[in-house]
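Taken together, the values in this text are just the output of simple stated rules run on the coordinates, not laboratory data. Predicted model, so just to flag it, every value in this text is computed and none were measured. With ideal geometry, Cβ positions are generated from the backbone for all residues, glycine too; neighbour counts draw on all protein chains shown.
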Amino acid sequence: MNSPKEELTEDSTLMGTPESVTPEESSTATLAPGASIFGTPIQSPQNNSNATVVGWELPKEKISGENASPASGGSTILTDSLATLPPGGLTIDSDPLATLAPGNLSINSDPKATLVQRKLPSSEDPFATLAPGGLTVNHDPLATLAPGTVNTNLDPAATLAPTFFSTTKDNKTFVLESPSNTVRTDANSRVGASKAQLSNLKGGKTEPQTPSVDAKGNRLPVVPGYELLGELGRGGMGVVYRARQHGLGRIVALKMVLNAQASSEELDRFMLEAKAVAIVEHPNIVQIYDVGEINGLPYFSLEFVAGGPLDALLKGEPQDPVYTATVMAKVCRGIGYAHSKNILHRDLKPANVLMTKTGEPKVTDFGLAKQMDAPDEGHTKAGSIMGTPSYMPPEQAEGNAKNLTNLADVYSLGALLYEFITGRPPFKGRTLFETLQHVRTKDPVPPIQLQPSVPLDLQTVCMKALEKNPEKRYPTAEEMAEDLEAFLRGDPIKARAIGRVEKAVRWARRNKPQAALIAMGVALLLLIVTGGFVYLGLDAHNQRLRADRIEKINRQKLEAEDLLNLAIRSGDGGNWPQSQNEAKQSLAALDESEEFAGIRERVEKQIALADAHIETKNRSDQFEGYIENAFFAATDLTGKSSMQNTEDILKQSAKALELFDIRLDQSSYQPKFSEHFLDEQKKGILEECGALLLLAGSRQLDKDFADNKPLDAALKILDLAKQAGAGEKIRRLYLAQYYQTLANRGDMAQQVLADKERAEANKLDPKGSREWFFLGDYLFRGGEFESASEAFAKASRLAPRDFWSIYYQAVSAIRSSSWSEARALLLHCLSTKQTFGFTYVLMGITEGKLKQYEEAYKSFANAVKYLGGETQGILINRAAVYYDQGLLNKAEADLRKAVMNDPSNWTALDNLGVLQRDQKNLVEAESYFIQANKFAKTELLPMRHLANLLGELDPPRWTESVATFEKVVAREKNPVKVANDLMGLARSKLALGENDSAREVLDRALGFDQENALIWFLQGWVINEIAAKKDRVNRTASLVDYKASLEAYNRGFALASQGKANETGAKAMASYFKQLDPKGPPETIEAKLLRARGLIKARLGDYGSAMADYTRSLEINGEQPYLRNRRATAMISKWREIALEDYSQGIKLNPNDRELYAGRAYVYALLGDHVSSAKDVNIAIGGTGQVVWFVRVNCAAALAQAYRVAKSPPKGGKPAEKGIQDQYLAGVWSQLSQAKQSIPAVKKAAWWMENIEADDAFDPVRGLPDWLELGKP
């Protein structure tokens, strides 16, 4: 049988060359490999010569870090949100699939794929990840980020190999080649050049290179190794270009001498700048990359800073105090580091501070720099004035530039700070001379007079740096930075504002003539007064004593008044510790004399006021500290058990609330505040109190539930939360959850309460950031990490400064294995709390998952630094990263150290069990799991691991496994996890042959979670096993079960296509089936499931659909002889039905395809339906347009078969009328004749023999007169 026909081309066997035959074009090709419904595309075995199993690969399960969901009560190792602990990996995540069997199978066809594969944004930083809002962030977790900014690494060379440039004899380019001089631009190794290298500059020839032009068409110089892109700026001696460095491809700033006639002094100064920058390697100083010379003139390339100079940012306007202090502290740190290397800048000003796009300041232009411990060598002439007048210190303005010290730069830093806070430099005359004169003789106007809102501490820092006398300035730039950072923290600064007396003395020293005149006037006045007294007969001696006494009293009063006024101003500015200190100094200036009674009383009142405000601040700080501890404990990432964390939450919450007379056991909510709390403070504290009550209430529910106690205490706390107006929706959701748990355990009376609370909660919307936060907490504890992340994000948008919303969003991203997202969020957290050690723990975990191992270990080192040692959380999570990297000995060492520190740490014991299990030391693994379970108390993960392990032992102990799983199910509260625990229980029952019981268990599992594809797959398998046993006895009864099994498989595949199957769960399924079907072929889980469904379809007689499943299974895993036999059988049995279905589907897709109708007409005739066959023939040859010859031949073949059926119907049917038979014959002759007419005369004979005579489809009409006539040449 040859029909239907296809047209053959000159060079093809079908349609297309043999090398490019597609499955659709070849009758022998199987279906093309398609996208797996479980995720990544399925690979075909032909395309993967190294793959023995394709489809869902079996990567080793990874150790992960501590973070069990609070709902499960686990403080465990992180993997994805559904991590299990099968062989191949340590998990300690109390996840919904932790009950699944050992032996994880990935549902990802790419064995190298990570759990989350995201395209990172195009960036100059190859490690860039996506931050909230789409910003690019630096991969360095230690980056110091300004508030509200995200740091960006702009250097694409950060990941390049150690050798970056090469020295050539032609161009003498200065390079850094050896390992000791490797050019790096990551966060921990800055670019630098040795002094020897910098001094090795000589002239040389250059290789020819095509010159480039700028945007205006101006010709740019040629510099070997660089492509100049345009001019950035120029001065009298040099010019700076924007350039691209060849090889590395990075953008740099290239500075070169313009004038070939430059003096040796100018050239020396140019090279001094290069040396100065090379010596100073600091994040806040522009770095040098390369030094060389071209045509006898030196050049050097610098880090390109894209944000522009600071003066363009300031725009002559006052800046925010916090932003000011943040930027200036970093500039001070950079200059302080330069001073530590004996480099003095001498020209600090806004134009010489460049800002990155992310707000990081970088000091540049060391053109006037000098080395403090080196001779000047004539670069600075005596009496010369160098620098920028508005920002230079008096000693520099007097022409003493040659003998300047680091204190000159400190003054310039003060001038920078002055411009930040006032919008103008401290001195700016109409002429250069006038400016220099003001610098030398005048005091700057106090910033607060220009900008009344300037914080007093910031003014004090500024004015101390601007002292005329260098000895009274900050001794170092570092100390100035410390005061700025103290201001940012809200701590007292070390500098002290000057009083009136000192101001008067300083004025007199600078204005001696005027001071002398005033002194003479005072003396004359005293003489007159004295004369008057003498005239009155007063004793001269007594008069002097009285005058001395009055002078002393007045001096003391004046000093005390000055200090008191400073104290009042400090208090008004909110700096009460400084106010307290100044008031105490004022009191110390007074003795016990009656004359001071009035001022003493005022000072004592100020001290009492300061004390009260400090006590208020201390109470507020204590409150925040307790909140921080409570909220961190709620993450379950502390290295403690979940129940220990719950105890900590309750303890810290109670301490915080008691500060305002709120107790967890009271029935009424009546917080109390001291009189010095501001209304805004009270509002924030009350909101936090409500949040703490919600947190404490939810955890009290956990505790009481675990201890089998009544829920009265928890309900009382939640009622207090209600009185506080906090989270009514969340309160009801928590109650509904626990009532539901009680109902699930058999107390059906609780179901009514659960439904009621849930219905009421659904009527309410979250109000404010805190309620969104707790909605996130509720979802998080239920394992809905993506939804939780969305809620936390909403909370963060409503309260952008709330650290915990971002932090919990990061934890949610970690739980859902969104590692890049988690990293970006953690970077944001570090920009807010740079010393919060636990953030570094999470960063270490995340970077480990991103395979950035070195960065991960640096983060753990920072965690050790800020947490004061190797905490349990650090040891356990670092072990996870070691395990991921394959450093098993180090992983085990950390875990054993954790156990040594705390022998009852069940997390570490459990992980050690997993390590032993993965190495097939099953007896040792069992021992560790038993120990871990002993200390885990309410934690269920070790018991899950033990239940799974019991089935792996030799011989398996399935009965014990069943009993252990039943204990887990009885104690688990989370519905999703209960469902997965029931899957484990069903697996163990199946192994015992208890198929009907296993089916009942899986029905229960579906009652908890109908959206889990894997439960449906296992249910399909179990029902099929039951049906197969029935089939041997009662075929009819078995059909019902086969249909139920097929329905379960179909539901599973439908859910899997929607992403409701995950890598971890598939691993567990693979382990199950390996135990349930030990003699089955080596295949992936998807191939196995498709094969199983295909067999069921075949048993139900649906051979076409069965063959489709067989084909897909073979595409995934072709090494299945058994399945090939099954598919071949289905093809033999039902090829006509299969062909008919394919033609019909094709017609649906393209109703105008004549070839499809001709093919279906032929199949209809073969199936005995000559009427449908004739209808399709009419459609195939009808309408307008050309009908190609092979379509007519196929229609003729269909009509020949229709004639056969009409004449001799199958199974004794009644023949069609003679007229119909004749119509079919007429159609055969007509179509053959028209087809033959389209063939060239010279080819007609051969064509007839090959395509018509040889086709057995024409047997019913062969030999008839018309046939013989048409066959003639």
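See the values below:
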read-out	value
Under Karplus coefficients 6.51, -1.76 and 1.60, residue-wise ³J(HN,Hα) of region 1088-1098 in Hz, glycine/proline x	5, 5, 5, 4, 5, 5, x, 5, 5, 4, 5
Computed over region 310-491, the ratio Rg/Rh where both radii use C-alpha atoms and Rh is Kirkwood	0.94
Alpha-carbon centroid distance for the pair region 873-928 / region 281-359, whole angstrom	48 Å
Cα-based shape type of region 1150-1270, given that a ≥ b ≥ c are square roots of the gyration tensor eigenvalues and the cut on a/c is 1.5	oblate
Mean-position separation - Cα centroids, region 413-444 and region 732-770, in angstrom	67 Å
Average projected area [Cα convex hull, region 583-730], square nanometres	11.8 nm²
Computed over region 310-491: relative contact order in percent, which uses C-alpha pairs under 8 Å that are six or more apart	28 percent
Sequence of Phe427, Phe632 once ranked by neighbouring C-beta atoms within 10 Å, starting from the fewest	Phe632, Phe427
HN-Hα J in Hz across region 663-668 - Karplus 6.51, -1.76, 1.60, θ = phi - 60°, x for Gly and Pro	10, 5, 9, 8, 9, 10
Residue order, fewest to most surrounding Cβ atoms within 10 angstrom, among Lys1236, Lys1243, Lys851	Lys1243, Lys851, Lys1236
Hz values of 3J(HN,Hα) by residue in region 958-973 - Karplus curve (6.51, -1.76, 1.60), Gly and Pro given as x	5, 4, 5, 4, 4, 5, 5, 4, 5, 5, 4, 4, 5, 9, 6, 9
Residues with amide H under 5 Å from that of Tyr299, placed H, sequence gap 5 or more	Gly292, Glu293, Ile294
Shape category assigned to region 786-939 from the gyration tensor of Cα positions, a/c cut at 1.5	prolate
Neighbour-count ranking [beta-carbon atoms within 10 angstrom, fewest first] of Phe785, Phe929, Phe673	Phe673, Phe785, Phe929
For region 772-857: rounded, prolate or oblate by the Cα gyration tensor [a/c cutoff 1.5]	oblate
